Amino acid sequence: MGRRRAREVSEAEERRRVDRWETGRRHASAGPAGAEFAVLPGQRRPLVPPPADAILAFKTHLDHVAGLAAAGLEGEHEPTLPTWTPDTPWIDAACGACRGACCAEGRTNHAFLTVATLNELRLSGHPDGALGPAELVADILARIPSEHVEGSCLFHGSTGCTLPRHRRGQMCNRYYCGPMKTADRRAVESGSDRLVVVGLTRTVSLGPGGGRVVAHASDGTDDELVAIGLASAAGFEPISPSAVGSTT
Ligand code: SF4
Ligand code: SF4
């Protein structure tokens, strides 16, 4: 990419970031006056039966990594794990409102079930760590829901991840997206123990020439509102979008 093109892309990204923030701020005006807000991703793709070819590819991967872990070997492709840990009480509620936009990455990454993850389970002292590779594979496959979020991880079910925490990939238990980190920093700085969470998504498809086409939201912006509510240690309390205030 030439320098001029790179600058145009970067300026477009900055405009998009500002637009998105402004859309989020406008929606957040439906919350309590003066409350901190977070603009997070969100998803609302339909539930569909998991494709048979995706299950087969996942089983092939799982057989491989379970075999390596049982032999006490290390994996070939372990991702670098995030080290950031949040300390705010509303994080789980906010991720629940987002409905797992980041779990789309679990589709191409085999639910992040790697040799290191299975070795961690084996050494954890949890009874599941004593399962042999064939039993472990069968047990994990049995947790694929009959319907999952279209295009997302095979375990991304109607109410979230169908794997128990101790069975999830190390990445799944440690990852938080950039907007979540920004929201956490803002909450810590302001001393908030609850946040108005605004979940926004974009519907992007490929146009005739292969370019990306954004389906505009009903209010004319690029980002469609998929969730709005108050997140705190007590959970997520939805706010009626109809209460959204003026754009000023
Ligand atoms: S980390 Fe970000 S993308 Fe993932 S569920 Fe939480 S808010 Fe959504
Ligand atoms: S295993 Fe669960 S947490 Fe991990 S990507 Fe899949 S649905 Fe998300």
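The values are calculated or read from the model by the stated rules, or taken from the named source; none is laboratory data. Keep in mind the model is a prediction, meaning the values are calculated, not measured. Cβ coordinates were reconstructed from backbone atoms using ideal geometry, including for glycine residues, and neighbour counts include every protein chain displayed. Heavy atoms of the whole protein, side chains included, go into the accessibility calculation; ligands, DNA and RNA do not. Shrake-Rupley method; radii C 1.70, N 1.55, O 1.52, S 1.80 Å.
Below, the figures for the structure above:
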| quantity | calculated |
| --- | --- |
| Residue match in the stretch 46-60 (condition: away from ligand 2 (no atom under 13 Å from the Cβ), more than 30 Å from residue 239 (Cβ to Cβ) and either at pLDDT below 95 or assigned to a loop (DSSP other than H, G, I, E, B) (or both)) | yes |
| Pairs with Cβ under 8 Å, 6+ apart, first in the stretch 91-116 and among the small types (Gly, Ala, Ser) and away from ligand 1 (no atom under 13 Å from the Cβ), second in a helix (DSSP H, G or I) and open to solvent by 40 Å² or more (accessible area, probe 1.4 Å) | 111/172 |
| Verdict on residue 35 being at pLDDT below 90 and either in a loop (DSSP other than H, G, I, E, B) or within 15 Å of ligand 2 (Cβ to nearest atom) (or both) | yes |
| Residues being within 12 Å of ligand 1 (Cβ to nearest atom) and open to solvent by 50 Å² or more (accessible area, probe 1.4 Å) - total across the stretch 149-175 | 5 |
| Single residue of 84, 90 found to be buried (at least 21 other Cβ atoms within 10 Å of the Cβ) and more than 15 Å from ligand 2 (Cβ to nearest atom) | 90 |
| Selection within the stretch 117-148 - modelled with pLDDT under 95, open to solvent by 20 Å² or more (accessible area, probe 1.4 Å) and among the aliphatic types (A, V, I, L, M) | 123, 130, 131 |
| Condition met for residue 52 (among the small types (Gly, Ala, Ser) and surrounded by 14 or more Cβ atoms within 10 Å (Cβ to Cβ)) | no |
| Whichever residue in the stretch 177-199 is assigned to a helix (DSSP H, G or I) and acidic (Asp, Glu) and, among such residues, is farthest from the chain's Cα centre (by Cα) | 189 |
| Residue in the stretch 44-55 that is within 16 Å of ligand 1 (Cβ to nearest atom), more than 29 Å from residue 133 (Cα to Cα) and not small (Gly, Ala, Ser) present | yes |
